[in-house]
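Asker: Pasting a structure below so you can have a look.
What follows is calculated from the coordinates using simple rules that are stated; it is not laboratory data. Fair warning: this is a prediction, and the values are worked out from it, not measured in the lab. Counting neighbours? That spans all protein chains shown, and the Cβs are built from the backbone with ideal geometry, glycine included.
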Amino acid sequence: MAFSSNGLRQFTLSAALVLAGCGAEDKVRPTVSPDVGPSSTISVSPATTATTAATLVPYVGDGFTILLPAPVELEKETVQTAAGPIEANIVTAPQGDNLYGVTSADTGVRPFDLDNAARESASRAGGPLTDLRRITYKGHPGREFRVPVTKGSETATLFVRTVLVKKRVYIMNAIYLGALTAPPPLYRQMVESLTLS
């Protein structure tokens, strides 16, 4: 089974919604969508594709600015949770075979358990939670982790950084085709560019 461009995007959206405390109903299964067609299937390529140079441009969101590859797409998702409806702003930016994203959402839950959200995200993505570590970003608590996911003979790697600012969570992530153990410089540049307003 191949990871498709549509599947990679759905995988990223699912991970972001779970981390925002929204929870997805099912695991996302990265397959070719019938409306996309087989031409969108992406074969796993060497890890060097994850380091493709890109120009990052400022994206101004609701209460934050971040550098992302252009072009970007914005989706607003409202999901029902035990704490009531949560609206998540999900921005995705494809870059070659890879996909970058940032999600911002009010958690509706206080306190918000970043460790549990990371575990749940990995579980629903279908891979092991790897390299989970606590961080402090500009005085705010956060987590960083990696989730390798294998579908058939193909592998993708999801890198995630979450930052909790009061009741609002910012989720920065990137998914790369291939098995990576460390995030490429472009991902690091993106997550370090987050500015809160």
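Asker: Within segment 132-181, which residues are closer than 22 Å to Gln95 by Cβ and charged (D, E, K, R)?
Answerer: Of everything in segment 132-181, those that are closer than 22 Å to Gln95 by Cβ and charged (D, E, K, R) turn out to be Glu144, Arg146, Lys151, Glu154, Arg161.
Asker: Picking from Ile66, Ile135, Ile90, Ile86, which residue would you name as being surrounded by 18 or more Cβ atoms within 10 Å (Cβ to Cβ), touching a Lys or Arg at 6+ places or on another chain (Cβ under 8 Å) and not in a loop (DSSP other than H, G, I, E, B)? Before the answer, list the steps.
Answerer: Details: Ile66 fails: touching a Lys or Arg at 6+ places or on another chain (Cβ under 8 Å); Ile135 fails: surrounded by 18 or more Cβ atoms within 10 Å (Cβ to Cβ); Ile86 fails: touching a Lys or Arg at 6+ places or on another chain (Cβ under 8 Å).
Exactly one of Ile66, Ile135, Ile90, Ile86 is surrounded by 18 or more Cβ atoms within 10 Å (Cβ to Cβ), touching a Lys or Arg at 6+ places or on another chain (Cβ under 8 Å) and not in a loop (DSSP other than H, G, I, E, B), namely Ile90.
Asker: Taking segment 113-158 on its own, how many of its residues are among the basic types (Lys, Arg) and over 27 Å from Leu196 (Cα atoms)? Show your work before the answer.
Answerer: Looking only at segment 113-158, we keep the residues that are among the basic types (Lys, Arg), and these are 119, 124, 133-134, 138, 143, 146, 151.
With the extra rule that they be over 27 Å from Leu196 (Cα atoms), the set shrinks to 124, 151.
Qualifying residue count, segment 113-158: 2.
Asker: Cβ contacts < 8 Å: first residue under 12 Å from Ala174 (Cβ atoms), restricted to segment 137-149; second residue of a type in the set (Gly, Ala, Ser) and surrounded by 17 or more Cβ atoms within 10 Å (Cβ to Cβ), any location; separation 6+ or different chain. Result?
Answerer: Val147/Ala15; Val147/Ser121; Val147/Ala122; Val147/Ala125; Val147/Gly127
Asker: Do we find a residue being part of a strand (DSSP E or B), out of contact with any helix residue (DSSP H, G or I) (no Cβ under 8 Å at 6 or more places or on another chain) and buried (at least 19 other Cβ atoms within 10 Å of the Cβ) anywhere in segment 170-181? Show your work before the answer.
Answerer: In the first step, residues of segment 170-181 are kept if they are part of a strand (DSSP E or B); the result is 170-177.
Applying the additional criterion that residues be out of contact with any helix residue (DSSP H, G or I) (no Cβ under 8 Å at 6 or more places or on another chain) yields 170.
Now restrict to residues that are buried (at least 19 other Cβ atoms within 10 Å of the Cβ): 170.
Taking every residue of segment 170-181 in turn, at least one turns out to be part of a strand (DSSP E or B), out of contact with any helix residue (DSSP H, G or I) (no Cβ under 8 Å at 6 or more places or on another chain) and buried (at least 19 other Cβ atoms within 10 Å of the Cβ).
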